[in-house]
Each structure stands twice: as structure tokens, then as C-alpha cells.
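The values are calculated or read from the model by the stated rules, or taken from the named source; none is laboratory data. Computed from a prediction, not measured in an experiment: that's the story for all the values here. Here the Cβ positions follow ideal geometry from the backbone for every residue, glycine too, while neighbour counts run over all protein chains shown. For the accessible areas, the whole protein counts, side chains as well, though only heavy atoms, and no ligand, DNA or RNA atoms are used. Shrake-Rupley method; radii C 1.70, N 1.55, O 1.52, S 1.80 Å.
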Amino acid sequence: SFQLILIPVVLIIVGYYVTFYRTLKVEAPILQQKLSNACFFASIDSIEHRPSDTRLYLHYINIQGIEKKHTPKKIRVNVRNKIRHTLNIGDRIMLRANLLPPPFSTYPDGFNFSRFAYFKELGAIGYLTGKIHVVKKPARFLKQRNHYFSQMRLTVENLRHQISSIIK
């Protein structure tokens, strides 16, 4: 009977410490105020093509005027113009963007984007205000990896379209 009480208590305590460890592990700097027309260097971590725009997920960031310890680990930037084939994952770029801290939920019990961003180590979001300049292209093996990923993405998109046409 003692074991029936002890096992759940131990599991609760272990769960608490695992959660605490995970929260500390992903802790990263978050932008504290809006930065208008900020000039910075970053590397492209991933690219998300959407119908109306493109999202760049950036890492290894250097923002002019902000100390490294206060610089977000990752940033998401929306780009309105089409950049489908000009940028690749791994490119080192220089750009200007308006940056904001991740927004909180706008209504009670709504989606809390700031919490989502915290666990994705996303310290700022923003949108492009100038042009993107490629400073350095990735190494050859990264180009090959990017090519394979883009081929996989196209294959998945084609499958998705085929499935949706069957469902209709």
C-alpha cells in the first residue's frame, strides 16, 4: 500500500523536474521592444513559402546596436515579394526589417503565440523593410542537402494536390 502512494508521488516529482529542465534548456533572449528598420546579419535556417508571402526563419543573428547576450537566438521575418529561387537554406544574409517581440494572446484562452515562440526559441518576429543581400553562400554539401529537401518538398506538395483532387 505504501508503494501505491510512493510511485505516483515520485512520478509527479520527476515530471516536474523534467518540465523545469526543458523550460531552462530552451530559454533564449527575447526582444524587449520594437526595432524599426533594424539592420542585421543572419543565416537562413528554413524557408516557408506561402501563397501571399514567404517566411524566413533566421539564426546566428548579429543585430547592429544590440549586445550578443540580448540578441534573439532565432527570428522569423515575413517577406512580401517573391524570393522563391534566390535564397537558400544556409545563406548568410544582410537585411533590414522591423522587428517586434512575439505577441501575447489577444483574448482569454486564445492561442498564446509568445509561449509557442518561447519553446521554439523564437525571440522576435518581423517583416522586411529593405532588400536582402546575400553575403555568403553555404558550403557545397549544404547546397546538396538543400536540393534534396526542395525535391522532397515538391514531392510532398504534389502528393497533397493529388490527394485533395481525389477528395473533391
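Whenever a residue of the stretch 32-44 is on the phi > 0 side of the Ramachandran plot, its partners that are of a type in the set (Lys, Arg) and surrounded by 11 or more Cβ atoms within 10 Å (Cβ to Cβ), lying with C-beta atoms within less than 7 angstrom and at least six residues away or across chains, give the pairs 37/96.
Among the residues of the stretch 107-117, is any open to solvent by less than 100 Å² (accessible area, probe 1.4 Å) and over 17 Å from the mean Cα position of the chain (by Cα)? Before you say what the answer is, go through the steps one by one.
So the first thing to find is which residues in the stretch 107-117 are open to solvent by less than 100 Å² (accessible area, probe 1.4 Å), and the list is 110, 112-114, 116-117.
Right, trim to over 17 Å from the mean Cα position of the chain (by Cα) and you get 110.
Yes: the stretch 107-117 contains one or more residues that are open to solvent by less than 100 Å² (accessible area, probe 1.4 Å) and over 17 Å from the mean Cα position of the chain (by Cα).
Could you give every pair whose Cβ atoms fall below 8 Å, whose first residue belongs to the stretch 129-145 and is closer than 30 Å to residue 35 by Cβ, and whose second residue is in a helix (DSSP H, G or I), counting only separations of at least 6 or pairs across chains? Listed pairs, sorted by first residue: 137/143; 138/146. Tallying residues that are part of a loop (DSSP other than H, G, I, E, B), open to solvent by 100 Å² or more (accessible area, probe 1.4 Å) and either in contact with a Ser or Thr (Cβ under 9 Å, 6 or more places away or on another chain) or closer than 14 Å to residue 56 by Cβ (or both) within the stretch 118-150 yields 1. Counting only strands (runs of 3 or more DSSP E) wholly contained in the stretch 1-115, no element carries 2 or more residues that are closer than 30 Å to residue 148 by Cβ, touching a helix residue (DSSP H, G or I) at 6+ places or on another chain (Cβ under 6 Å) and modelled with pLDDT of 90 or more. Restricting to the stretch 37-95, name every residue that is open to solvent by 20 Å² or more (accessible area, probe 1.4 Å) and aliphatic (A, V, I, L, M). Across the stretch 37-95, the qualifying residues are 47, 66, 89, 94. Residue-level check: of (1) open to solvent by 40 Å² or more (accessible area, probe 1.4 Å); (2) over 13 Å from residue 41 (Cα atoms), residue 98 misses just (1).
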